[in-house]
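Comments concern the structure below.
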Amino acid sequence: MIDASRDISHLAPPADRELVQMLPAEAYTSDDVLTWERRHLYAGAWTCLGRVDDLFPPEGTVTQRAVRVGDVSCLVVRAGDGVNLFANTCRHRGHELLPLDGHSGGESTKRMISCPYHAWTYDLSGRLKGAPGFREVESFSFEDHGLVELPAEVWNGWVFAHAAHPVGAAEVPPFERYVGDLARMLAPYDIGSLVVADRHTYEVAANWKVIAENYHECYHCPLIHPELCQVTPPDSGDNYDLPGTWIGGGMVLRDGMASMSLDGSLAATPLPGVNPTAVEYLHLLPNLLVSAHPDYVMTHRMVPLAPGRTWVECSWLTLPSAAASGAPGAVEFWDITNRQDWAACESVQRGLESPHFRPGPFAPREDAVAQLVSMIGAAYRSGGLSA
Ligand code: FES
Ligand SMILES: [Fe+2]
């Protein structure tokens with residue numbers, strides 16, 4: 001049994017160096033470190049679970065669904081336009097309320113949550129309503145045996161969960177403070193009103209942090225992304241340093257280019273009120289990468305499967321009126337670019353597994369990667385991401 005509470009502060013990069021350097025290989029290759037991260041950086045932070053419309057399609061009848069948040073099995077429940085989140089653990093003897101194997105699990109259309117082991121039943125607010133044989137037991141309180149409620153938020157059409165602590169716990173940072181100025185950065189895109197025009201999923205043979213580090217720099221672009229360099233100069237743009245548990249920067253399109261597509265033309269109807277020459281690359285830690293374009297918003301949502309394996313869901317969101325066409329120009333462009341990135345990340349992962357790997361320094365143009373690694377290092381020291 002691996003202990004998620006063990007101290008991994010020795011893996012943080014030395015704070016006294018002028019150049020921030022990569023984490024040691026163990027941070028990218030060890031089961032113990034991933035166990036720690038699942039508890040402290042995923043369950044113990046505001047992790048993105050995907051689009052609310054994917055968990056609960058508006059025209060569908062699903063009321064509840066099992067999901068894994070880091071190392072915590074959860075039950076996400078439809079509640080009007082929002083969601084409630086509970087520990088997927090029965091208050092009788094701990095049976096799962098819906099099965100969960102892997103990172104997504106069973107679903108139900110029932111109006112009650114009912115445990116398949118001895119039929120304890122709860123309403124959709126988590127209150128215990130039925131416990132066979134207990135009505136006669138005077139010392140038993142139904143009120144004291146409701147499901148453990150966990151913090152969840154719907155924001156911009158995504159569901160976020162903080163699964164390590166119950167609602168009201170002091171360890172849970174308020175969601176508004178956690179996202180900080182990212183809310184202002186994304187406001188013009190009105191992402192809650194956009195819909196998924198297309199989606200690809202990938203399984204990448206690399207650690208989730210290798211993928212995030214790669215996302216945060218274009219130092220590699222001239223070598224591996226010829227198509228991308230046609231539409232944005234790889235050295236354009238600056239990174240932001242604003243409140244919130246996010247990192248990112250913007251890039252500008254080349255003159256005459258309207259969006260990121262193979263020929264630089266628009267891939268969908270322009271989003272009203274957004275900067276027509278900018279592309280924003282923003283990462284809300286731990287697992288949501290938001291790439292906002294003049295005409296579409298692309299997201300990558302990461303779920304670590306193993307130290308060297310990550311599931312990535314890539315979604316392209318457009319105005320509802322443009323979604324039926326599927327934004328093929330954006331999908332084709334980014335699928336090529338994604339695969340170029342995954343090949344580089346997988347090569348890094350293989351390099352990290354060499355006994356001769358030594359952490360190298362980040363270049364000045366990798367300042368956002370240095371910021372990410374510094375935030376992760378600080379979390380290794382303090383026990384969690386700070387908001
Ligand atoms: S464990 Fe759920 S009813 Fe017994
Ligand atoms: Fe890239």
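Quick notes
- Counting only residues that are of a type outside the set (Gly, Ala, Ser), closer than 30 Å to PRO57 by Cβ and touching a Lys or Arg at 6+ places or on another chain (Cβ under 7 Å), region 137-167 holds 2 of them.
- Restricting attention to region 30-57, the residues that are surrounded by fewer than 22 Cβ atoms within 10 Å (Cβ to Cβ) and touching a helix residue (DSSP H, G or I) at 6+ places or on another chain (Cβ under 6 Å) add up to 0.
- ASP16 vs. criteria at pLDDT 95 or above and surrounded by fewer than 22 Cβ atoms within 10 Å (Cβ to Cβ): no
- When residues in region 113-124 are screened for being assigned to a loop (DSSP other than H, G, I, E, B) and either within 16 Å of ligand 2 (Cβ to nearest atom) or under 31 Å from the mean Cα position of the chain (by Cα) (or both), 4 of them pass.
- Hey, THR310 within 16 Å of ASP190 (Cα to Cα) and among the β-branched types (Val, Ile, Thr) or not: no
- Of everything listed in (1) within 16 Å of ligand 1 (Cβ to nearest atom); (2) modelled with pLDDT of 95 or more; (3) of a type outside the set (Phe, Trp, Tyr), the single unmet condition for ARG135 is (2).
- Any pair with Cβ under 6 angstrom, 6 or more apart, that starts in region 48-59 at a residue that is farther than 12 Å from ARG78 by Cβ and ends at one that is basic (Lys, Arg): CYS48/ARG301
- Qualifying residue in region 91-112 (condition: away from ligand 2 (no atom under 16 Å from the Cβ), polar (S, T, N, Q) and either crowded, with 16+ Cβ neighbours inside 10 Å or modelled with pLDDT under 95 (or both)): yes
- Close Cβ contacts (under 6 Å, 6 or more residues apart or on different chains) running from residues in region 210-234 that are among the aromatic types (Phe, Trp, Tyr) to residues that are more than 10 Å from ligand 2 (Cβ to nearest atom) comprise TYR215/LEU289; TYR219/ALA363; TYR219/ARG365; TYR219/GLU366.
- Residue within region 68-76 that is more than 19 Å from the chain's Cα centre (by Cα) and either in a loop (DSSP other than H, G, I, E, B) or crowded, with 17+ Cβ neighbours inside 10 Å (or both) present: no
- Check on ALA212, among the small types (Gly, Ala, Ser) and in contact with a Phe, Trp or Tyr (Cβ under 9 Å, 6 or more places away or on another chain): no
- Test result for GLY60, at positive phi and not in a strand (DSSP E or B): no
- Residues in region 278-294 that are over 14 Å from MET185 (Cα atoms) and of a type outside the set (A, V, I, L, M): PRO286, ASN287.
- For region 86-109, the criterion of being more than 11 Å from ligand 1 (Cβ to nearest atom), assigned to a loop (DSSP other than H, G, I, E, B), more than 30 Å from THR35 (Cα to Cα) and not β-branched (Val, Ile, Thr) is met by none of the residues.
- Selection of first residues in region 189-208 that are not assigned by TED's automatic domain parsing to the domain that holds ASN275 and of second residues that are of a type in the set (Gly, Ala, Ser) and not in a strand (DSSP E or B), restricted to Cβ pairs under 7 Å at least 6 apart or on distinct chains, gives an empty result.
- Some residue of region 362-373 being more than 22 Å from the chain's Cα centre (by Cα) and farther than 25 Å from THR245 by Cα: no
- Residues of region 58-67 that are surrounded by fewer than 22 Cβ atoms within 10 Å (Cβ to Cβ) and within 22 Å of LEU317 (Cβ to Cβ): PRO58, GLU59, GLY60, VAL62.
The values are calculated or read from the model by the stated rules, or taken from the named source; none is laboratory data. These numbers were taken from a predicted model, which means no experiment stands behind them. With ideal geometry, Cβ positions are generated from the backbone for all residues, glycine too; neighbour counts draw on all protein chains shown.
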